[in-house]
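> Okay, handing you the structure first.
The values are calculated or read from the model by the stated rules, or taken from the named source; none is laboratory data. Quick caveat: nothing in here was measured; it's all calculated off a predicted structure. Using ideal geometry, Cβ is built from the backbone for each residue, glycine included, and neighbour counts are taken over all protein chains shown.
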Amino acid sequence: MFSRSVSAARSGLLSRGFASSARANRKVAVLGAAGGIGQPMSLLLKQDPLVTGLSLYDIRGAPGVAADISHVNTHSDVKGYEAADAASALKGAELVIIPAGVPRKPGMTRDDLFNTNASIVRDLAVACAEHCPKAMICIISNPVNSTVPIWAEVYKQKGVFDEKRLFGVTTLDVVRASRFLGEIKNTDPKDVKVTVVGGHSGVTIVPLLSQTAQGKDVKGQQYKDLVKRIQFGGDEVVQAKAGTGSATLSMGYAGARFANSLIRAMNGESGVVEPTFVKSPLYKDQGVEYFASNVELGPEGVTKIHPVGSVSAEEEELIKACLPELKKNIEKGKAFVKA
Ligand code: NAD
Ligand code: LMR
């Protein structure tokens, strides 16, 4: 799906001629680039013809990663920056992807990462507010349900918040849902599109299988097992890695896919829809300010937030279980910055 999108985007750009190619100068910064996600994701971004510059930043190790990736013979420039060099890393960045922070170990929830990752994300938000306030921001660092509100609150304090340009990356949930359902149905996952809404942790991850041709007839225990696997797919990897980290390679793939979609939309391609955790009106009346759903992307970021659509009775229950937990996670993030 990813490579097909790239070539479609390429031909779209070529057909729009000079003005579009001038617009297509896209510098992407990766914060946490030397980590488990940062390295493979940066490699995939180096292979994306829509990315014209890569700025790799980490508290340590990014110049080495950049030197290595820069030898791949695609046209983009790659530069690495460490620690105090954040200003240079962020200058001119139009899209910033953030996988900085610690990953889970077995037995931990994503919320257990809050104490360490909240301040990492807050400090990176301060740096971006100062050096690239207009960039599209894609947050991978967990707990996403809280780190996205943290980013928003910092930007509000700095007077640069634009809700259309802030995204929590939930693409991995959709990638997993498509893969797991494809396995059950013995179908190529590229043809299996599952909408996943809510947030990015346990019960806040809500797959809408009833809206999918291949998913609507999955019933009974098989349905329960599939929902559980999608909601707790991250734990499967954490356990298999036995204390050495969480999903990195599949996340690198998902992060690069999200970036590619966003750049295609920024370059003027219409109809680009990705699931993502954004400031959303969908459940605002229930006190839930941020919510992941299918979002249409455009040159300025969020163009249209798609409604959840019709759901089954089971899915209604899943949403009911999601909302209070999500609300708690969002409030925790907001309170952290306000304190
Ligand atoms: P990792 O420990 O391998 O890498 C994290 C990197 O961040 C390290 O290189 C570290 O030096 C760097 N870092 C720490 N503080 C930094 C700072 N202030 N500025 C710049 N870089 C900094 O971890 P990982 O496996 O790559 O995971 C990173 C985060 O992504 C974790 O919080 C994890 O839970 C999360 N994650 C999210 C998803 C998702 O779907 N959104 C999926 C997988 C992992
Ligand atoms: C995932 O879904 O794989 C990530 O959020 C990492 C984790 O902690 O499970």
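Here is a yes/no grid of residues against (1) modelled with pLDDT of 95 or more; (2) surrounded by 16 or more Cβ atoms within 10 Å (Cβ to Cβ):
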| residue | (1), (2) |
| --- | --- |
| Lys228 | yes, no |
| Val237 | yes, yes |
| Ser246 | yes, yes |
| Gly252 | yes, yes |
| Thr276 | yes, yes |
| Gly287 | yes, no |
| Asn294 | yes, yes |
| Leu297 | yes, yes |
| Lys338 | no, no |
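> Further question on the same structure: Does the stretch 61-97 hold any residues that are in contact (Cβ under 8 Å) with a residue 40 or more places away in the chain and out of contact with any Lys or Arg (no Cβ under 7 Å at 6 or more places or on another chain), and which are they?
We begin by selecting, within the stretch 61-97, every residue in contact (Cβ under 8 Å) with a residue 40 or more places away in the chain; these are 80, 86-87, 89-97.
Those that are in contact (Cβ under 8 Å) with a residue 40 or more places away in the chain and out of contact with any Lys or Arg (no Cβ under 7 Å at 6 or more places or on another chain): Gly80, Ala86, Ala87, Ala89, Leu90, Lys91, Val96, Ile97.
> Further question on the same structure: Identify the residue in the stretch 79-104 that is assigned to a helix (DSSP H, G or I) and surrounded by 18 or more Cβ atoms within 10 Å (Cβ to Cβ) and, among all such residues, is farthest from ligand 1 (Cβ to nearest atom).
Leu90
> Could I ask something else about it? Kindly evaluate Asp112 against the criterion of being within 15 Å of ligand 2 (Cβ to nearest atom) and not aliphatic (A, V, I, L, M).
Working: within 15 Å of ligand 2 (Cβ to nearest atom): yes; not aliphatic (A, V, I, L, M): yes.
Criteria met by Asp112.
> Also: Between a first residue in the stretch 110-130 that is within 14 Å of Asn142 (Cβ to Cβ) and polar (S, T, N, Q) and a second residue that is at pLDDT 95 or above and buried (at least 17 other Cβ atoms within 10 Å of the Cβ), which pairs have beta carbons less than 7 Å apart while being 6 or more apart in sequence or on different chains?
Going by the 7 Å Cβ cut-off, the qualifying pairs are Thr116/Gly101; Thr116/Val102; Asn117/Gly101; Asn117/Val102; Asn117/Ser141; Asn117/Asn142; Asn117/Thr147.
> Now, a different point. Take Val121 and tell me if it is near ligand 1 (Cβ under 9 Å from one of its atoms), within 15 Å of the chain's Cα centre (by Cα) and within 30 Å of Ser310 (Cβ to Cβ).
Judged against the criteria, Val121 is not a match.
> List the number of the failed condition for Asn186; all other conditions in (1) without any contact (Cβ under 8 Å) to a residue 40 or more places away in the chain; (2) closer than 23 Å to Arg257 by Cα hold.
The failed condition is (2).
> Pull out all pairs, ordered by first then second residue, where Cβ-Cβ is under 7 Å, the residues are six or more apart or on different chains, the first lies in the stretch 230-247 and is in the same structural domain as Cys322 (by TED's automatic domain parsing), and the second is assigned to a helix (DSSP H, G or I) and more than 9 Å from ligand 2 (Cβ to nearest atom).
Ile230/Ala177; Ile230/Phe180; Gln231/Gly202; Gln231/Val203; Phe232/Gly202
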